[in-house]
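Just below is one structure, and these are the notes that go with it.
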Amino acid sequence: MENSKQNIVLRDSTSTSPWQEASWGGGNQPIGVGHQAGKLYDCLVIGAGITGITTALLLQRAGLSCVIAEARQAGFGTTGGTSAHLNTFFDATYPEVESDFGEQAAKLLAAGGKQAMGMIEGFVKELNIDCDFEFKSAWLYAENEKESKQLQKILEAAQRAGIAVESAEENLVPVPFDSVIRFKGQGQFHPLKYINGLLAEFLKLGGVLLENTRIRESSFEDGVFAAKSDADMILTRKMVYATHIPPGINLMSLRNAPYRSYVLGLKLKDGNYPDGLAYDMQEPYHYFRTHVIDEQSYLIVGGEDHKTGHDDPEATFQRLKDYAGRYYAVESVVYQWSAQYYVPVDGLPYVGQLPGAAEGTYVATGFNGNGMMFGTLSAKIISDLVLDKENEYASLFRPSRMKPVAGFTEFVKENADVAWHFIADRFSSSHLQALTDLKPGEGKLVDFEGKKLAIYKDDAGKVTALNPTCTHAGCTVQFNAAEQSWDCPCHGGRFDVSGKVLTGPPTIDLETVIISYDKQP
Ligand code: FES
């Protein structure tokens, strides 16, 4: 790994994404300017990723008074770790959406993708955001006969939905293929430069950004939400959770499964960087593109996704490196990073009123691997709902929708997995190594004096012990060596090695356990 970790914009990961490098001057927006304690805002947006910032900007522009509360810094979560592909085709394919939701829904989804792309292009032009935004073509390729049959269905359904796509003769990337199709009008950008541009406009219009402000709880009375952080209370008429899964146990925790996705930024020996975007059809899939940073090209290769807490992240990175090395002359791995996204049980995002919560509580989640597009479209949907305007996508994505019959198997599978962890975590105990066996940078679950502990040894040899019971709903966290974090396999909550929350739904840190060192040999 060549990159230094100095001078970077922070995010929920110890591995660095290229977007975090602060050479572009990011992360220096004025914070908290204009906030008045006791003021009643029109809308509180929780989370300063692409979804939250775009929503807040649309509402502020419409004349509302908005405040964004972000637990860490803008772009700290998935927006800082995305591979930043912009597509009008999605992880839920057009044939799947046709079959589960109907042909009209597939057309609507395609229109939504185009609208999101148009919004991003529009903001870039209008606000003059220097964020490396470019339109590119995207190649989707099949590597065997079975995949080719699926690819043909994707081609036909995408065309029926109104997407510009055609058969192609050549693949963009040097991976042997059986058949390939090419989508026009796709895109890419630098996600943090982009949201920084939106944020600057939001602040210019009088919007308020409160960083390092984790909303721990909220109440609702007489049409007003009171949202509390450690230091503040924000009063607001509407509240938007742009945090993936909202805190607490709710329908969204059950209908979305957390996944980690892995990405590499590679320098090549031969300059053979692809001019476009490419995707295979494997499970888990792989994807490619190129990004130029400070005049150096990088091949961005991603994939090998798995459910959070269900695989070894270090082994996953190695598989991805081996995969890239099979097709490209890799000179060095300059960046490697991972990020979290949520897979919705029936394939489509959940955007709108949060079921079971007070009227005027909104959520946007389940974006699958298409967060930049669905985050942008969600901002349009939610801002329309807040403003009491019609929105053509609101019904398709409403969080209270019944799952379609075809999605039922997947629903059962995801929930069976969640249930398994609840049971296994409470009734099984693994007899693992003693503290002294830990290597620096290693974390383990151990049974120690009758207690199950999450222990971690830092590079200086200091051991930290935590109660491994996730503060969300009681599952047991697992150590993620690649990111030096404790990850919860149930709903994707993540904590740093000192137990502080990195990723919700938990809002409370893991409990620290005091170890008596007298008993150590
Ligand atoms: Fe739900 Fe941990 S994130 S139990």
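A short reminder: the numbers here are calculations on the coordinates, not readings from a lab. Source: prediction; values computed, not measured. Note that each Cβ is placed from the backbone with ideal geometry, even for glycine, and that neighbours are counted across all protein chains shown.
When the Kirkwood hydrodynamic radius is evaluated over all pairs of different C-alpha atoms of the stretch 342-390, what value in angstrom, to one decimal, is obtained?
Values: mean 1/r = 0.0893 Å⁻¹.
After inverting the pairwise mean of 1/r, the radius is 11.2 Å.
Taking the stretch 274-293 and a reference point 7 angstrom along Cα→Cβ of A315, the backbone N atoms nearer than 19 Å belong to 283-285.
For the pair the stretch 259-281 and the stretch 42-119, the centres of their Cα atoms are 24 angstrom apart. A simple rule links phi to the HN-Hα coupling: the Karplus curve 6.51 cos²θ - 1.76 cosθ + 1.60 with θ = phi - 60°, which for the stretch 249-263 gives 9, 8, 4, 5, 5, 7, 9, 9, 10, x, 10, 9, 10, 10, 9 Hz, with x for Gly and Pro. Normalising by residue count, the stretch 188-287 has a Cα convex hull of 196 Å³ per residue. Kirkwood's formula applied to the C-alpha pairs of the chain gives a hydrodynamic radius of 23.7 angstrom. Taking the charge dipole of the chain about its Cα centre, with +1 at Lys and Arg Cβ atoms and -1 at Asp and Glu Cβ atoms, the residue from V9, Q115, G47 reaching farthest to the positive side is G47. Close amide-amide hydrogen proximity is noted between Q478 and D487, C488, each under 5 Å apart and 5 or more residues distant or on a separate chain (H modeled in the peptide plane; Pro and chain starts excluded). Here the relative contact order of the chain, from alpha carbon pairs under 8 Å that lie six or more residues apart, stands at 17 percent. Its Cα centre serving as origin, the stretch 246-325 has a Cβ charge dipole (Lys and Arg +1, Asp and Glu -1) of approximately 220 debye.
Between N144 and D178, residue separation times 0.36 nm minus the direct Cα-Cα distance comes to 11.7 nm. With the cut-off at under 19 Å, measuring from each backbone N in the stretch 342-364 to a point 7 Å along the Cα-to-Cβ line of E392 picks out 349, 351-352. Remark: the stretch 367-372, residue by residue, has Karplus-estimated 3J(HN,Hα) of 7, 6, x, 10, x, 5 Hz, where x stands for each Gly or Pro and the curve is 6.51 cos²θ - 1.76 cosθ + 1.60 at θ = phi - 60°. For L86, the residues whose amide H sits under 5 Å from its own are G187, Q188, ignoring neighbours fewer than 5 places away on the same chain, with H placed 1.01 Å from N.
Placing unit charges on each Cβ (+1 for Lys and Arg, -1 for Asp and Glu) gives the chain a dipole about its Cα centre, and among A164, A339, A394 the Cα reaching farthest toward its positive end belongs to A394. Couplings for the stretch 338-352, taken from phi via the Karplus curve 6.51 cos²θ - 1.76 cosθ + 1.60 with θ = phi - 60°, read 9, 8, 10, 9, 10, 9, x, 5, 10, x, 10, x, 10, 9, x Hz in order; Gly and Pro are left as x. Based on Cα contacts under 8 Å between residues 6+ apart, the stretch 6-161 shows a relative contact order of 19 percent.
Nearest 5 percent is fine: what portion of the DSSP beta bridges confined to the chain is antiparallel? The answer is about 80 percent antiparallel.
In what order do S378, S13 fall by count of nearby beta-carbon atoms within 10 Å, going from fewest to most? Ranked by crowding around the Cβ, least crowded first: S13, S378.
Think of the chain as having a plus end and a minus end, set by charges on the Cβ of Lys, Arg, Asp and Glu; of H472, G352, V224, V224 sits farthest toward the positive end of this dipole. Where only DSSP H runs of four or more residues are counted, the chain gives -8500 deg cm²/dmol as its mean residue ellipticity at 222 nm, each run worth -39500 (n - 2.57). For the chain, a crude dipole built from +1 on the beta carbon of Lys and Arg and -1 on the beta carbon of Asp and Glu, taken about the Cα centre, is about 800 debye to the nearest 20.
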